[in-house]
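The values are calculated or read from the model by the stated rules, or taken from the named source; none is laboratory data. Being a predicted model, the structure only gives us computed values, none of them experimental. A quick note on method: Cβ atoms are made from the backbone with ideal geometry, for glycine too, and the neighbour counts reach across all protein chains shown. What goes into the accessible areas is simple: the full protein's heavy atoms, side chains included, and nothing from ligands, DNA or RNA. Shrake-Rupley method; radii C 1.70, N 1.55, O 1.52, S 1.80 Å.
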Amino acid sequence: IARDPANGDNYFAAGDNYLYWGEHLSEAEAMYRKGIELAPSNPLNYAGLGRVAYIRKDAAVWNAQFGKAEELMNTKSLKIDKNIKQLTYLKMAEVMLQDENTNLEKAIVYINTAIPLNDKNPEVYIQL
């Protein structure tokens, strides 16, 4: 962030780092919101907000944020990179697999959607 404070991807990475440690949900949320402010067409930060909401058990928010991420990824005019799309789907699936409130069915849907985007990426199969 210090080198490129205008890059929304950096805020996703920072938010992901906070989220990884679990007890810093507010800090993660702040990073994702800043990423959205800087790059509103990047689905990763919406997925990040959805992940925070999923952990907080706020179904309305996580559904809305994941829905926004999917909407952006399906907007052809945005030309979202396939690797960004795949990472977004994997991050949405990851929280559903790792949280105590697992949603295996939906996680598998996200993973299966991610596979054709880059079937050579081993991370996809690790989550399966």
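Each of Gly15, Ser26, Ile36 was placed along the dipole of the stretch 3-43 (beta-carbon charges, centred on the mean Cα), and the one lying farthest toward the positive end is Ile36.
Per the helix-only calculation at 222 nm, which mean residue ellipticity applies to the chain, given -39500 (n - 2.57) for every DSSP H run of n ≥ 4 and division by its residues, nearest 500 deg cm²/dmol? Don't jump to the answer; show the numbers that get you there.
Working: 7 runs with 89 residues, N = 128.
Only helices count here, giving -22000 deg cm²/dmol.
Spatial offset of the stretch 45-93 relative to the stretch 102-128 amounts to 14 Å, using the alpha carbon center of each.
Accessible surface for the chain, divided over its residues, is 56 Å² per residue with a 1.4 Å probe.
Roll a 1.4 angstrom probe over the protein heavy atoms and tell me the percent of accessible area of the chain that is carbon or sulfur. Intermediate values should be presented prior to the final figure.
On the way: 3690 of 7190 Å².
The computed percentage sits at 51.
Relative contact order of the stretch 1-114, taken over Cα pairs closer than 8 Å and 6 or more residues apart, is 19 percent.
Just how large is the dipole of the chain about the Cα centre, in debye to the nearest 20, putting +1 at every Lys and Arg Cβ and -1 at every Asp and Glu Cβ? The dipole magnitude comes to about 360 debye. Backbone phi angles across the stretch 28-39, fed through the Karplus curve with coefficients 6.51, -1.76 and 1.60 (θ = phi - 60°), yield HN-Hα couplings of 4, 4, 4, 5, 4, 5, 5, x, 5, 4, 7, 9 Hz in residue order; Gly and Pro are listed as x. Backbone phi angles across the stretch 62-72, fed through the Karplus curve with coefficients 6.51, -1.76 and 1.60 (θ = phi - 60°), yield HN-Hα couplings of 5, 5, 5, 5, 5, x, 5, 4, 5, 4, 4 Hz in residue order; Gly and Pro are listed as x.
For each pair in Lys57/Lys120; Lys57/Lys82; Lys34/Lys57; Lys34/Lys68; Lys34/Lys91, compute the distance between the two Cα atoms and list the pairs where it is over 24 Å.
Values: Lys57/Lys120 33 Å; Lys57/Lys82 29 Å; Lys34/Lys57 22 Å; Lys34/Lys68 16 Å; Lys34/Lys91 18 Å.
Pairs exceeding 24 Å: Lys57/Lys120; Lys57/Lys82.
What's the magnitude of the charge dipole for the stretch 1-47 around its Cα centre, counting Lys and Arg as +1 and Asp and Glu as -1 at the beta-carbon? Answer in Debye, nearest 20. Don't jump to the answer; show the numbers that get you there.
On the way: 3 positive and 7 negative charges, 24 e Å.
My answer is approximately 120 debye.
Phi angles across the stretch 80-92 convert, under the Karplus curve 6.51 cos²θ - 1.76 cosθ + 1.60 with θ = phi - 60°, into 3J(HN,Hα) values of 5, 4, 4, 5, 5, 4, 4, 4, 4, 4, 5, 5, 5 Hz, Gly and Pro given as x.
When only the heavy atoms of the protein chains count and the probe is 1.4 Å, how do Glu37, Glu123, Glu29 rank by accessible area, highest first?
Values: Glu37 125, Glu123 100, Glu29 45 Å².
The residues order as Glu37, Glu123, Glu29, largest area first.
If every alpha-carbon in the chain counts as one equal scatterer, what log10 I(q)/I(0) does Debye give at q = 0.12, 0.19, 0.20 1/Å? Evaluating at q = 0.12, 0.19, 0.20 Å⁻¹ gives log10 I(q)/I(0) of -0.40, -1.05, -1.16.
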